[in-house]
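A.B. asks: Below you will find the structure I want to go over with you.
The values are calculated or read from the model by the stated rules, or taken from the named source; none is laboratory data. Because the structure is a prediction, the values reported are computed rather than measured. Positions of Cβ are generated from backbone atoms using ideal geometry, with glycine treated the same way; all protein chains shown enter the neighbour counts. For accessibility, only protein heavy atoms count, side chains too; no ligands or nucleic acids. Shrake-Rupley method; radii C 1.70, N 1.55, O 1.52, S 1.80 Å.
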Amino acid sequence: MRANATFTVKAFVPTGLTPEPAVPTGLPVGVATMEKHFEGEVAGRSATLFTAAFDQAAGVGTYVAMESFEGSLHGRSGAFNFVHSATTTGTDRTAEFFTLVPSSGTGDLTGITGAGGIAVDADGTHRIWFDYTIG
C-alpha cells in the first residue's frame, strides 16, 4: 500500500556534537534533532536524529536521518523507525535512500516493512510517502 502525506518541521535543534577524532574536510559534519508533524494518510509525529555534511550558503551536501514515527498510516496506529538520506548540489536531489527499519513496528503497525520517499515542491511543501506491507 502507499500512504501519502505532507509534513512540517516543528523543531530543528543543532546538538553541538561533532565527530571525534576531528577530521578537517571541505564540509563540516553536524548533528541535530528534529521534530516533524505529518498530515494526510500518514498522521502523527516523528523524532529525528539528523546528520549532515552541508554548506548552507551554497545548498550543497548530504544528509542521513533516522526517524522514530508515532501515529497512523491509513488509520492503523502504532510506531516504527525509518531511515533516509540524499545528496544535493544545490538544485537537485540525488543518491536517495529510504527504508523502513525491519522489526521496528508496534501496535497495528507491527510487522511493517517497505520503503518510501521525500519530495519538496517548488512552493516549499514537503511531501512524504510510504510504500509498505504489514505482516
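A.B. asks: When only residues in the range 11-33 that are part of a strand (DSSP E or B) and either closer than 24 Å to Gly71 by Cβ or at pLDDT 95 or above (or both) count, which is least open to solvent (accessible area, probe 1.4 Å)?
C.D. replies: Ala32
A.B. asks: Shifting gears a bit: Looking at the range 34-47, I want the residues that are in a strand (DSSP E or B) and have a partner that is surrounded by 15 or more Cβ atoms within 10 Å (Cβ to Cβ) and among the hydroxyl-bearing types (Ser, Thr, Tyr) with Cβ atoms under 7 Å, at least 6 apart or on another chain. Which pairs are those?
C.D. replies: What qualifies is Met34/Thr48; Lys36/Ser46; Lys36/Thr48; Ala43/Ser72; Gly44/Ser72; Ser46/Ser68; Ala47/Ser68.
A.B. asks: Sticking with this structure for a sec: Based on what the data block shows, is Gly90 more than 18 Å from Met1 (Cα to Cα), touching a strand residue (DSSP E or B) at 6+ places or on another chain (Cβ under 6 Å), not in a strand (DSSP E or B) and not aliphatic (A, V, I, L, M)?
C.D. replies: Against the criterion (more than 18 Å from Met1 (Cα to Cα), touching a strand residue (DSSP E or B) at 6+ places or on another chain (Cβ under 6 Å), not in a strand (DSSP E or B) and not aliphatic (A, V, I, L, M)), Gly90 qualifies.
A.B. asks: Any idea which of (1) touching a residue at least 24 places away in the same chain (Cβ under 8 Å); (2) touching a strand residue (DSSP E or B) at 6+ places or on another chain (Cβ under 7 Å); (3) buried (at least 16 other Cβ atoms within 10 Å of the Cβ) is the one Gly78 doesn't satisfy?
C.D. replies: That leaves (2) as the condition not met.
A.B. asks: Please give the number of the condition Thr8 fails out of (1) over 18 Å from Trp129 (Cα atoms); (2) assigned to a strand (DSSP E or B).
C.D. replies: (1)
A.B. asks: For Asp123, which of the numbered conditions (1) assigned to a strand (DSSP E or B); (2) surrounded by fewer than 16 Cβ atoms within 10 Å (Cβ to Cβ) fails to hold?
C.D. replies: Asp123 satisfies every listed condition except (1).
A.B. asks: Would you check if there is a residue in the range 54-74 being touching a His at 6+ places or on another chain (Cβ under 7 Å), at pLDDT 95 or above, under 18 Å from Asn4 (Cα atoms) and open to solvent by less than 60 Å² (accessible area, probe 1.4 Å)?
C.D. replies: no
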